[in-house]
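Below you'll find the structure, written out as structure tokens, and then a few comments.
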Amino acid sequence: MWIDTHCHLDAREFDGGGVAVARVAQAAGVSMIVVVAVERGNFDTVASLAHAAPNACYALGIHPICVPQARDEDLAVLRGAVEAALDDPRFVGVGEIGLDFFIPMLCEPAMRDKQERFFREQLRIARDFGLPVLTHVRRSQDQVLKHLRQIRPPGGIAHAFNGSFQQAHNYIDLGFHLGFGGAMTFTRALQIRRLATGLPLEAIVLETDSPDIAPAWIHPGRNSPDQLPRIGAALAALRGVSEDEVRLAAHRASLAAIPRLSRLIGA
Ligand SMILES: [Zn+2]
Ligand SMILES: [Zn+2]
């Protein structure tokens, strides 16, 4: 069975139908979907979605794109919510968090500082509770690596990875896994395809990031987690191995990246 390690099932593109979308994915062979939060306002939504769907779990965090409107007290709320969720088997980590130095508004000096402040405190929360982090890294590979080295959360995933081989190995050395999804299905995505082909298979986890990052066969439509098996097949084709080999390796890598998944699905 396949695992979608990064999904926004509560996104408005799914029109409140996230549970139905998860069931369709289950019928397509997706045994687990990790639903990430983006702001304080959707912590409860992702938690209840994860409980309502047969094959979903959740992470809590504040996404860099939501940092401009976030308040400092949201970090204390997050810490409290994470602590309260530790007994919840459907809760698996801290995310989606990170740094986005692509969107111009987020690159202004004061906003860069605020992003880094929010990112660092969320890394501390993950470290304090021994949880993996699910990170968003856009034009910020080396800055994210710097903060990871300084704060040292136990591990996690650099989602939608698009860096160099050197940076990929820096993440791996920090105990991280690298997330690949729809982007590698485009023939023009040369660097991502080189990475997906050349990195050790045990370092790779699969994701849809739905409703975003639609694979080539849907683009520019709405992505959904039932596409994960076909994305896995695309990785198998790129590497010249069987789909079974990719499925089993990605399953093991997902459990290694997000250890609490093993409470929900067998090894
Ligand atoms: Zn992201
Ligand atoms: Zn995301």
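The values are calculated or read from the model by the stated rules, or taken from the named source; none is laboratory data. From a predicted model like this one, the values you see are computed outputs, not experimental measurements. A quick note on method: Cβ atoms are made from the backbone with ideal geometry, for glycine too, and the neighbour counts reach across all protein chains shown. With ligands, DNA and RNA removed, areas are computed over all heavy atoms of the protein, side chains included. Shrake-Rupley method; radii C 1.70, N 1.55, O 1.52, S 1.80 Å.
Tabulated data
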{"read-out": "Stretch gain in nm, segment A189-S164, where the contour uses 0.36 nm per residue and the Cα spacing is subtracted", "value": "7.7 nm"}
{"read-out": "Virtual spin-label span in nm between V241 and K146, 7 Å along Cα→Cβ", "value": "3.5 nm"}
{"read-out": "Computed [θ] at 222 nm, deg cm²/dmol, the chain (DSSP H ≥ 4; -39,500 (n - 2.57); rounded to nearest 500)", "value": "-13000 deg cm²/dmol"}
{"read-out": "Rounded accessible area per residue of the chain, 1.4 Å, Å²", "value": "40 Å²"}
{"read-out": "Estimated FRET transfer efficiency (D173, R139; beta-carbon r; R0 22 Å; 0.05)", "value": "0.55"}
{"read-out": "Förster-model FRET efficiency, 22 Å R0, D88 and R127, C-beta, rounded to 0.05", "value": "0.65"}
{"read-out": "From the C-alpha gyration tensor of region 191-267, square roots of 5λ in Å", "value": "21, 17, 11"}
{"read-out": "Amide H contacts under 5 Å for G93, placed H, 5+ residues apart", "value": "L60"}
{"read-out": "Isotropic mean projected area of the C-alpha convex hull, region 2-265 (nm²)", "value": "12.4 nm²"}
{"read-out": "Exposure rule at most 15 other beta-carbon atoms within 10 Å, DSSP loop chymotrypsin sites (Phe, Trp or Tyr not before Pro): the chain longest free segment", "value": "1-101"}
{"read-out": "Inter-probe distance in nm under a simple model that places probes 7 Å from Cα toward Cβ, at A216 and E73", "value": "5.0 nm"}
{"read-out": "Within a Gaussian network of the chain (alpha carbon springs, distance under 10 Å), most fluctuating of G130, G182, G240", "value": "G240"}
{"read-out": "Cβ-placed point charges (K, R +1; D, E -1), dipole of the chain about Cα centre in debye, nearest 20", "value": "560 debye"}
